[in-house]
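The values are calculated or read from the model by the stated rules, or taken from the named source; none is laboratory data. Worth saying up front: this structure is predicted, and the values here are computed from it rather than measured. Here the Cβ is made from the backbone with ideal geometry for all residues, glycine too, and neighbour counts use every protein chain on show.
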């Protein structure tokens with residue numbers, strides 16, 4: 001039996017659906033150059049997976065896993081910017097490395113537990129705010 005659930009023609013993002021946010025750009029981080037220059041801002045792609053959902057739905061499940069919803073849900077970590085270093089200030093916007101990926105868009109008319117459902121291909125942020 002299929003565990004795919006759709007809202008407005010897009011698959012709802014749930015823990016077991018295999019959705020990923022791939023190469024979210026840009027996450028500009030201060031990175032080490034060759035001495036004696038200072039840190040250089042370099043854009044990194046970020047990646048996040050639905051299997052890392054945090055703060056999803058409590059009562060609504062798809063495939064026995066929580067579902068992402070507006071404002072509260074995130075993918076616990078986004079990877080890809082590890083080459084930047086903490087000692088140089090990390091992300092230019094977020095001042096973080098490998099932090100959560102949040103949804104910035106969602107379905108306007110499909111809701112779970114009173115919050116809008118986040119779906120595959122909805123806009124996400126990487127590394128918290130980038």
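Restricted to the range 91-123, and to residues that are in contact with a strand residue (DSSP E or B) (Cβ under 6 Å, 6 or more places away or on another chain) and under 15 Å from residue 44 (Cβ atoms), which residue is surrounded by the fewest Cβ atoms within 10 Å (Cβ to Cβ)?
Taking the candidates together, the pick is 92.
Checking the structure you have, find out if any residue of the range 51-71 is within 11 Å of residue 127 (Cβ to Cβ) and either surrounded by fewer than 15 Cβ atoms within 10 Å (Cβ to Cβ) or touching a helix residue (DSSP H, G or I) at 6+ places or on another chain (Cβ under 9 Å) (or both).
Within the range 51-71, none of the residues are within 11 Å of residue 127 (Cβ to Cβ) and either surrounded by fewer than 15 Cβ atoms within 10 Å (Cβ to Cβ) or touching a helix residue (DSSP H, G or I) at 6+ places or on another chain (Cβ under 9 Å) (or both).
Within the range 99-122, count every residue that is farther than 15 Å from residue 72 by Cβ and within 9 Å of the chain's Cα centre (by Cα).
1
Name, by its number, the condition in (1) in contact with a strand residue (DSSP E or B) (Cβ under 7 Å, 6 or more places away or on another chain); (2) surrounded by fewer than 17 Cβ atoms within 10 Å (Cβ to Cβ); (3) at pLDDT 80 or above; (4) not in a loop (DSSP other than H, G, I, E, B) that does not hold for residue 25.
(3)
Residues to consider are 46, 81, 127; find the one that is in contact with a strand residue (DSSP E or B) (Cβ under 9 Å, 6 or more places away or on another chain), in a strand (DSSP E or B) and surrounded by 20 or more Cβ atoms within 10 Å (Cβ to Cβ).
Being in contact with a strand residue (DSSP E or B) (Cβ under 9 Å, 6 or more places away or on another chain), in a strand (DSSP E or B) and surrounded by 20 or more Cβ atoms within 10 Å (Cβ to Cβ) holds for just one of 46, 81, 127, which is 46.
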